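Undergrad: Shown below is the structure under consideration.
Read the figures in this text as sums done on the coordinates, not as results from a lab. As the structure is a computational prediction, the values presented were derived from the model and not from experiment. With ideal geometry, Cβ positions are generated from the backbone for all residues, glycine too; neighbour counts draw on all protein chains shown.
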Amino acid sequence: MTDEEIGKGAVEEIKRMLEWMRSQKLELSQVTTFVKELLGEPKRIFLTGVGRSGEVAECFAMRLAQLGFDTRVLGEPTAPSVEKDDLFIVVSGGGEHQIEQVRIAREIGAKIITITSQPESTLARLADEKLIIPGRTKNEASSSSYEERRMKGEPVMPLGTAFEDFTMIVLDSIIGFIGAIKKKTEEELEKRHARPE
């Protein structure tokens, strides 16, 4: 393969993924409910996830904190205990991680929102609300080859990456929308942006 062929092939995969994202539909009522829960000024917001989904949760927690929400990532050493009326958001493409944490948060009286690709998953069933974001998950990764997925117009990214990338775009877009509603400026968010000294 020449350098030009490699470059063109990579750009085509990027275009294919962006086109796939454009073709996906989000449930308007789920997005509306999710944003309303955040705008309802919950006492505190806890986020959790495992692996790359956990990293997506951490990124969203940071943006919420920059908007002024009292936001914590479950498991951080300084995170307090979850309490009644806290908002508990779990990100899991397959919807089968953090189940025990969700059950405990539910018993405490926290409101549970699951962000997943799997509407019939355990987490989706346990949640008070869910935000279904299309994308492959690790469980589906071995079902077909990259070339087969490519020919079918499906994402070729490995191991659930389509879910994580699409979720990041959705959540950052929601942050921008909430920032506009709250009349926040980039400078205000920058003041709350963590950076090493």
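Undergrad: Which residues among segment 29-61 fall inside the zone where the amide N is under 18 Å from a point 7 Å beyond the Cα of GLU83, along Cα→Cβ?
TA: Counting backbone N atoms under 18 Å from the label point, the list is 41-47.
Undergrad: Follow-up question, since we're still on this one. List the lysines whose alpha-carbon lies under 25 Å from that of LYS15, not counting same-chain residues fewer than 8 positions away?
TA: Here the lysines satisfying the reach criterion relative to LYS15 are LYS25, LYS138, LYS152.
Undergrad: Same structure, new question: Here are some pairs, LYS36/LYS111; LYS111/LYS183; LYS130/LYS182; which of them have Cα atoms lying more than 18 Å apart in this structure?
TA: Among LYS36/LYS111; LYS111/LYS183; LYS130/LYS182, the Cα-Cα distance tops 18 Å for LYS111/LYS183; LYS130/LYS182.
Undergrad: Find the Cα radius of gyration of segment 21-182, compare it with 2.2 N^0.38 Å by division, and give the number to two decimals.
TA: Against the empirical 2.2 N^0.38 Å value, I get 1.03 for segment 21-182.
Undergrad: Now, a different point. Would you tally the net charge around ILE104, using a Cβ to Cβ cut-off of less than 13 Å, leaving ILE104 out, and scoring K and R as +1, D and E as -1?
TA: Around ILE104, the surrounding residues sum to -1.
Undergrad: Find, among the GluC sites (Glu not before Pro) in segment 8-110, those assigned to loop by DSSP (not H, G, I, E, B) with at most 14 other beta-carbon atoms within 10 angstrom.
TA: Of the GluC sites (Glu not before Pro), the ones in loops of segment 8-110 whose Cβ has at most 14 other Cβ atoms within 10 Å are GLU27, GLU83.
Undergrad: Sticking with this structure for a sec: What's the angle, to the nearest 10 degrees (0 to 90), between helix 51-66's Cα axis and the longest principal axis of the chain?
TA: The angle comes out at about 50 degrees.
Undergrad: Loop-only trypsin sites (Lys or Arg not before Pro) in segment 1-92, please: DSSP not H, G, I, E or B, and at most 12 other Cβ atoms within 10 Å.
TA: Hits after loop and neighbour filter: LYS25, LYS43, LYS84.
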